[in-house]
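Everything on this sheet refers to the single structure shown next.
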């Protein structure tokens, strides 16, 4: 049975079908949630700085394709893992181009296509694409790595940290607290303070900015849940069977 399941998950037709379903479901979530923005003029702040590096926490990625407006150009970094294939197909159906590889700058960086993906992200920014990627160190939730900081230093582009939340969701009990957003509620898109990394930033400054990115993302996430009237949700780890709904 396990062999059959693995074969099914690797089948291209099944991956495409799953990506189609995921994209349709996410459109439903976006159109049936009443989204608010913090700050209210977040797009007026971001657009003059484009192209930018959009950074967010792993596990909060499902709604990120909808940050893009029709006239924006965007690419997102997605891993080469089998689970990443579903995410990539869904993102592409939602109008987001993908870059495949790892954001990990540890020992597996080269093996997971990290070097090639890093160069492709730099090229994308040079070609006026906004680039979105998660900030977490792999398997360490809410701990920012240096990958986003290195990309900003190399490209000279601003980092725009952000968080998205909906009042109704399922939160998985896994390492990144994956949030599956649900329809028919309220949503919030919260932008954090932009971060600029100088081209001559040394190791000490890089670490300072990494810590600032981590703190900014945590603050944006808290603000996002407060925005939908449920500040306590950010502190709660729900299991796969739980859903939370706004009052």
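Quick look at the values:
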{"quantity": "Qualifying residue in the stretch 47-57 (condition: more than 21 Å from the chain's Cα centre (by Cα) and farther than 27 Å from residue 173 by Cβ)", "calculated": "yes"}
{"quantity": "Residues located in the stretch 70-103, provided they are at pLDDT 90 or above and outside any strand (DSSP E or B)", "calculated": "71, 72, 73, 88, 89, 90, 91, 92, 93, 94, 95, 96"}
{"quantity": "Residue tally, condition surrounded by fewer than 16 Cβ atoms within 10 Å (Cβ to Cβ) and either touching a helix residue (DSSP H, G or I) at 6+ places or on another chain (Cβ under 6 Å) or closer than 28 Å to residue 229 by Cβ (or both), over the stretch 151-171", "calculated": "1"}
{"quantity": "Those strands (runs of 3 or more DSSP E) lying entirely in the stretch 127-171 with at least 2 residues within 20 Å of residue 62 (Cβ to Cβ), more than 13 Å from the chain's Cα centre (by Cα) and in contact (Cβ under 8 Å) with a residue 40 or more places away in the chain", "calculated": "169-171"}
{"quantity": "Among (1) under 17 Å from residue 56 (Cβ atoms); (2) touching a helix residue (DSSP H, G or I) at 6+ places or on another chain (Cβ under 9 Å); (3) touching a residue at least 40 places away in the same chain (Cβ under 8 Å); (4) crowded, with 18+ Cβ neighbours inside 10 Å - the single one residue 185 does not satisfy", "calculated": "(1)"}
{"quantity": "Residue list for the stretch 181-214, filter: touching a strand residue (DSSP E or B) at 6+ places or on another chain (Cβ under 9 Å) and part of a helix (DSSP H, G or I)", "calculated": "209, 210, 211, 212, 213, 214"}
{"quantity": "Scan of the stretch 188-204 for residues that are touching a helix residue (DSSP H, G or I) at 6+ places or on another chain (Cβ under 9 Å) and either buried (at least 19 other Cβ atoms within 10 Å of the Cβ) or over 24 Å from residue 45 (Cα atoms) (or both), ordered by number", "calculated": "188, 189, 190, 191, 192, 195, 197, 200, 201"}
{"quantity": "Members of the stretch 22-66 that are assigned to a strand (DSSP E or B) and either within 18 Å of residue 98 (Cβ to Cβ) or modelled with pLDDT under 95 (or both)", "calculated": "53, 54, 55, 56"}
{"quantity": "Members of the stretch 29-46 that are farther than 13 Å from residue 166 by Cα and either touching a residue at least 24 places away in the same chain (Cβ under 8 Å) or in contact with a strand residue (DSSP E or B) (Cβ under 8 Å, 6 or more places away or on another chain) (or both)", "calculated": "38, 39, 42, 43, 45, 46"}
{"quantity": "Test: residue in the stretch 217-229 that is under 21 Å from residue 63 (Cβ atoms), at pLDDT 90 or above and not in a helix (DSSP H, G or I)", "calculated": "yes"}
{"quantity": "Those residues of the stretch 25-44 which are more than 25 Å from residue 217 (Cα to Cα) and touching a helix residue (DSSP H, G or I) at 6+ places or on another chain (Cβ under 8 Å), in sequence order", "calculated": "none"}
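The values are calculated or read from the model by the stated rules, or taken from the named source; none is laboratory data. Because the structure is a prediction, the values reported are computed rather than measured. Positions of Cβ are backbone-derived with ideal geometry, glycine not excepted, and every protein chain shown enters the neighbour counts.
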